[in-house]
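Asker: One structure coming up, written as structure tokens, with questions to follow.
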Amino acid sequence: MAAARRLKRVAISQPGFLTLNPKVTPTDLVSSRRKRVNKNKKKNWNKYSDVQDVEEFLEDVRHQERTTGGLLCEKSDDSLFFLDVGQPKKVEEKEAAEPVKGKKRKGKSSRPLRIDLILQHDSLVAPPKDVLAYQKPNAKKLRRTAERAEKLAANGVVPRSKKRLLNRTVVDRMSKKTETEANNNPERDFYDIWGQETKDLGEPWYLQQTRKKLVKRPEKLNEKPSVLPAVEVIAPGGSYNPDFFSHQELLREAHEVELKKKKVEDKLERQLAYNKADTATEETILREQVEGLVEESEEEEEKDAPKEDGEEVAVGAIAVADKKTERQRKREKAEKMKEQQRLTERRQTEQQQQLFQLRSIKTSIKQQEETTQIRQKRRKAKEEAQKAQPRRLGKLKFQPQDMEVQLSDELAGSLRQLKPEGSVLMDRFKSLQKRNLIEPRERAKFKRRLKVKYVEKRAFKEIS
């Protein structure tokens, strides 16, 4: 068998061999040695698989769809074939058509250009359907809403939006519409154009829907964060030429502020202070190092002796405890019941005695109410005082500005000799913090990331 296949291969390879298909050459018929390929790997599928026949079939199908609009096997015979009955007779026009003004002459000029024919779409394949053009956003949700509305309408339930429309006041369409009054009409009503309330010139519903009516402002926004004025008037002693007593009063207030600061500093120093007698010396250090190294056997024996005696006593006490007899249990139960009965009778007696103490009870209740009222007034006064104090708006606590005070020898007799004190910008900044408009802040600290490197230049070295 192998010898016959070898002879056939030799005969085909001869130069005078003819094939039935003129497109096929004799060399194509010579089967070369088949290459052994592992088809388990996916990368070898396209490389060593012959799909030429499949591609030709698909190209033929696409060609039929472009030219005929579908496959020929699916077409009817009437669309593919027609009956040839010969050339139709031409009707000879006896009267030549006269040229009409305004019409273009038919002929070569009316034919489409070649470039237009090339660019014309000649494929019979239908364009792809635009799915997005037929889709509706939230179609499923809208369909469910419509079905729910139909069910409610069948049960006689009216939706909320329709209820609002039905509850609206009916406007008489036949009545004369309100016209805008002329500015020169002497009989029109007068109102303050700079006032807080504006004049309503239409129906409230219409003004609300057309956004011409302002939204009601919450009452919380009308409250000021602090009752303090924007600009606080300084005390009379802060004038450039103050009265003696008012200036002394201002000095006394500044003195109290400084005393408070000094008191806080002293308290901090006392907390950080330490007793010098407790400082470590060489003797105390040596004693701490040697402690626990010396064995004191005698003291340990004396300490262990009383512990052993105590253990024996405890064991003996546990062993002495005996089980109670039936008579003892009955006696304890009877005593317990008598104690409960005595407590019940005592409680009833106290309740009866309270009937005779109504006057004292009323007096105590009245005292409690008075105490409660006093506490409420005190709490309300504290809340009112807190309104004038700065609140804690951030992590930092408000620090009041230092008082601007001049001593008696620093006072000037005129404005020309007056020395300025403080800063207007800092005063306004502290005022905003005090009135709870901004949170207390401190200056941002600049932290250098890289160290400054000093380099001695060559020119400086030459001079030195």
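Asker: Going through segment 417-438 one residue at a time, which ones are among the charged types (D, E, K, R) and either open to solvent by less than 70 Å² (accessible area, probe 1.4 Å) or in contact with an Asp or Glu (Cβ under 6 Å, 6 or more places away or on another chain) (or both)? Walk me through how you get there before you give the answer.
Answerer: Narrowing segment 417-438 to residues among the charged types (D, E, K, R): 419, 421, 427-428, 430, 434-435.
Within segment 417-438, Glu421, Asp427, Lys430, Lys434, Arg435 meet the criteria.
Asker: Go through segment 228-270 and count every residue that is out of contact with any helix residue (DSSP H, G or I) (no Cβ under 8 Å at 6 or more places or on another chain), of a type in the set (D, E, K, R) and farther than 18 Å from Pro400 by Cβ.
Answerer: Residues flagged as out of contact with any helix residue (DSSP H, G or I) (no Cβ under 8 Å at 6 or more places or on another chain), of a type in the set (D, E, K, R) and farther than 18 Å from Pro400 by Cβ within segment 228-270 amount to 4.
Asker: Next question. List pairs: first in segment 425-450 and closer than 21 Å to Pro225 by Cβ, second part of a loop (DSSP other than H, G, I, E, B) and open to solvent by 100 Å² or more (accessible area, probe 1.4 Å), Cβ under 6 Å, 6+ apart or cross-chain?
Answerer: Cβ pairs passing all conditions: Asn436/Arg391.
Asker: Give me the residue from segment 236-285 that is open to solvent by 90 Å² or more (accessible area, probe 1.4 Å) and aliphatic (A, V, I, L, M) and, out of that set, farthest from the chain's Cα centre (by Cα).
Answerer: Leu259
Asker: Filter segment 380-396 down to the residues that are under 17 Å from Ser431 (Cβ atoms) and open to solvent by 80 Å² or more (accessible area, probe 1.4 Å) and list them by number.
Answerer: Passing the criteria: Lys387, Gln389, Arg391, Leu393.
Asker: Looking at segment 411-424, I want the residues that are under 12 Å from Ser239 (Cα atoms) and have a partner that is part of a loop (DSSP other than H, G, I, E, B) and among the charged types (D, E, K, R) with Cβ atoms under 9 Å, at least 6 apart or on another chain. Which pairs are those?
Answerer: Ala412/Lys419; Glu421/Glu404
Asker: I need a count of the residues in segment 222-251 that are over 22 Å from Gly413 (Cα atoms) and of a type outside the set (A, V, I, L, M).
Answerer: 7
Asker: Here are Gln341, Gln328: which of them is at pLDDT 90 or above, open to solvent by 100 Å² or more (accessible area, probe 1.4 Å) and either assigned to a helix (DSSP H, G or I) or in contact with a strand residue (DSSP E or B) (Cβ under 6 Å, 6 or more places away or on another chain) (or both)?
Answerer: Values: Gln328 fails: open to solvent by 100 Å² or more (accessible area, probe 1.4 Å).
Exactly one of Gln341, Gln328 is at pLDDT 90 or above, open to solvent by 100 Å² or more (accessible area, probe 1.4 Å) and either assigned to a helix (DSSP H, G or I) or in contact with a strand residue (DSSP E or B) (Cβ under 6 Å, 6 or more places away or on another chain) (or both), namely Gln341.
Asker: Moving on. I'd like the full set of residues that are without any contact (Cβ under 8 Å) to a residue 24 or more places away in the chain and assigned to a loop (DSSP other than H, G, I, E, B), limited to segment 379-401. It would help to see each step written out before you state the result.
Answerer: To start, the set of residues in segment 379-401 that are without any contact (Cβ under 8 Å) to a residue 24 or more places away in the chain comprises 379-386, 389, 392, 395.
Gln389, Arg392, Lys395, listed by residue number.
Asker: Got a number for residues in segment 133-170 being within 20 Å of Glu203 (Cβ to Cβ), in a helix (DSSP H, G or I) and of a type in the set (A, V, I, L, M, F, W, C)?
Answerer: At the first step, the residues of segment 133-170 found to be within 20 Å of Glu203 (Cβ to Cβ) are 161-170.
Filter once more, keeping what is in a helix (DSSP H, G or I): 161-167.
Now restrict to residues that are of a type in the set (A, V, I, L, M, F, W, C): 165-166.
Selection size over segment 133-170: 2.
The values are calculated or read from the model by the stated rules, or taken from the named source; none is laboratory data. Treat the numbers as computed from the prediction; the structure is a model and nothing was measured. Positions of Cβ are backbone-derived with ideal geometry, glycine not excepted, and every protein chain shown enters the neighbour counts. What goes into the accessible areas is simple: the full protein's heavy atoms, side chains included, and nothing from ligands, DNA or RNA. Shrake-Rupley method; radii C 1.70, N 1.55, O 1.52, S 1.80 Å.
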